[in-house]
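Heads up: the structure comes next, in structure tokens.
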Amino acid sequence: MKKIGVVLSGCGVRDGSEIHESVFALLAIDSQGCEAVCMAPDVDFPVTNHLTMQESGEKRNILMESARIARGNIRDIKDVKAADLDAVIFPGGFGAAKNLCDFAMKGAAASVNPEVARLLKEMAAAGKPVGAICIAPVLIATVLGREYAATLTIGNDAATAAEIAKTGTIHQECGVTGVVVDAENKLVSTPAYMLATRISEVQEGIHNCVRELVKLM
């Protein structure tokens, strides 16, 4: 059975992985007859109260919080190599732009968690497909944009697209359930909650994204 890595960044839209997007990615992977391999970095992050949408002053662990989505079946990303996977996908949520990298604060000048960057570079060097959902394409652009002149989408947000362009990445506008496929670099991206107003739109876009990811394997 083909294995698709799912890189999580916590549990919750404002400070981790967007839960709907993560679950739909897991469902789509299973529906395509593949096995999901969930992983996350073992580092701490600032917590946001999802009632007030303000930082609470607490810190939690990304791996422990991500384990909630994975039902405990999760690995530390440092122990996962490209050789273990056939593809990898990154759900969105602010954690992708705050915990896995600091694009939310620094834009195109962002730095990336070293283990996340390592895995992405290994996947690209091995010619294995990478998927990115919602805001997660900014992470791919930061790591791979300059070397690969990647094509990605976050929908149509002009300010974010402009920062993505500074990384050497080509931003392509895309509708809410659409998918942008960079066949040469084996990258697939979809806007999800960057544009969605209904949960069904998120599910459809992610299903399409994973289907295209599997085609590239």
- Item | Segment A158-N61, length gained on full extension (0.36 nm per residue, minus Cα span) | 31.7 nm
- Message: Place a point 7 Å from Cα of M217 in the direction of its Cβ. Which residues in the stretch 149-187 have their backbone N less than 17 Å from it?
- Response: 186-187
- Query: So how far apart, in nm, are the two label points at S200 and D84 if each is 7 Å from Cα heading toward Cβ?
  - Reply: 3.8 nm
- Checked against a 32 Å limit on the C-alpha separation, the offending pairs among K2/K98; K2/K78; K59/K215; K98/K186; K59/K121; K121/K215 are K59/K215
- Message: Nothing charged except the Cβ atoms of Lys and Arg (+1) and of Asp and Glu (-1): what's the magnitude of the dipole of the stretch 93-132 about its Cα centre? Round to the nearest 20 debye.
- Response: 40 debye
- In sequence order, calculated HN-Hα J values of the stretch 194-204 (Karplus, 6.51, -1.76, 1.60; Hz; x Gly/Pro): 5, 10, 5, 10, 9, 4, 5, 5, 5, 4, 5
- Between I170 and residues 5 or more places away or on another chain, which pairs have amide H atoms under 5 Å apart, with H built 1.01 Å from N, and which residues are they? A150, T151, L152
- Here the percent of antiparallel bridges among DSSP beta bridges lying wholly in the stretch 3-216, to the nearest 5, is 30 percent
- Assigning unit charges at the beta carbon (Lys, Arg +1; Asp, Glu -1) and nothing else, what dipole magnitude in debye, to the nearest 20, does the chain show about its Cα centre? 240 debye
- Note on the structure: For the pair V23 and D44, the simple spin-label estimate (label points 7 Å beyond Cα toward Cβ) gives in nm 3.0 nm
- Note on the structure: For S56, the residues 5 or more places away or on another chain with a placed amide H closer than 5 Å to its own amide H are V47, T48, N49
- Query: Which GluC sites (Glu not before Pro) does the stretch 121-217 hold that lie in a coil by DSSP with at most 16 other beta carbons within 10 Å?
  - Reply: E173, E184
- Query: Computed FRET efficiency, Cβ-Cβ of R71 and Q32, R0 25 Å: what is it to the nearest 0.05?
  - Reply: 0.80
- Note on the structure: Counting only residues 5 or more apart in sequence or on a different chain, those whose built amide H sits under 5 Å from that of G5 are V37, D86, A87, V88, I89
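Where a number appears in this text, it was derived from the coordinates with a stated rule and is not lab data. Only a predicted model underlies this, so the values are computations on that prediction, with no experimental measurement involved. Cβ: placed from backbone, ideal geometry, glycine included. Neighbour counts: every protein chain shown.
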